[in-house]
Amino acid sequence: MKRLPTCIATGLLTGALALPLAACADTALRSVGAGPAKSPLRLETAPRKANGSGIEVRYQVRPATAPGQATRVTLVFDGVTDPNGASVRLAVEGGLAPLPDGAPRALTSGGANTIEVDVTAQGDAAGYLIVFTTQHGVGGVTSIRVTAGTGAAPAANLKATPEGEKLIVIPVK
């Protein structure tokens, strides 16, 4: 009879060790779309404000090795609850070449929406893809950093707080 409590304790310990791994599995590699031709994506989740549009923005930025080379940004939108859908508008700031089409795009409710966009860094620095989401008349904004080369920010854009923390200043329109 002493074996039974030992087996139970071993089972509970194994379950306790496996539980954190199962929780991390949701943030592992995800595949966008279906079919064997698609490679798995490692999607970053952008932070959301409580008073924003309520749309979750996940993204992957493929690295650009040199300035002037286009890089693909994959955007995945979840949480569209408005039966009429929602919208997303893309813009660029910093060292990225302007996008050819800045018109809003429709997002449908009931599942994930995926958009892929190619952006080009104009110099050996970082630029930002700005994602504006709107749902139920409420907007949200996400900035996604896109780098080329070393991705170093120009020294003129770096500001320091009184505590010594370095900040990158992005112009706002």
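The values are calculated or read from the model by the stated rules, or taken from the named source; none is laboratory data. This structure is a prediction, so every number in the text was calculated from the model and none was measured. Virtual Cβ from ideal backbone geometry, glycine too; neighbours counted across all protein chains shown.
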- Message: Checking the conditions here, which among Val88, Val141 is farther than 17 Å from Leu43 by Cα and touching a Ser or Thr at 6+ places or on another chain (Cβ under 7 Å)?
- Response: Val88
- Query: Any residue in the range 94-116 that is over 16 Å from the mean Cα position of the chain (by Cα), touching a residue at least 60 places away in the same chain (Cβ under 8 Å), under 18 Å from Thr142 (Cβ atoms) and surrounded by 16 or more Cβ atoms within 10 Å (Cβ to Cβ)?
  - Reply: yes
- Looking at the range 143-156, is at least one residue of a type in the set (S, T, N, Q), at pLDDT 80 or above and surrounded by 12 or more Cβ atoms within 10 Å (Cβ to Cβ)? yes
- Message: If I filter the range 118-131 for residues that are modelled with pLDDT of 95 or more and of a type outside the set (Val, Ile, Thr), do I get at least one hit?
- Response: no
- Hits in the range 59-92 - residues which are charged (D, E, K, R), farther than 22 Å from Gly111 by Cα and without any contact (Cβ under 8 Å) to a residue 40 or more places away in the chain: Arg62
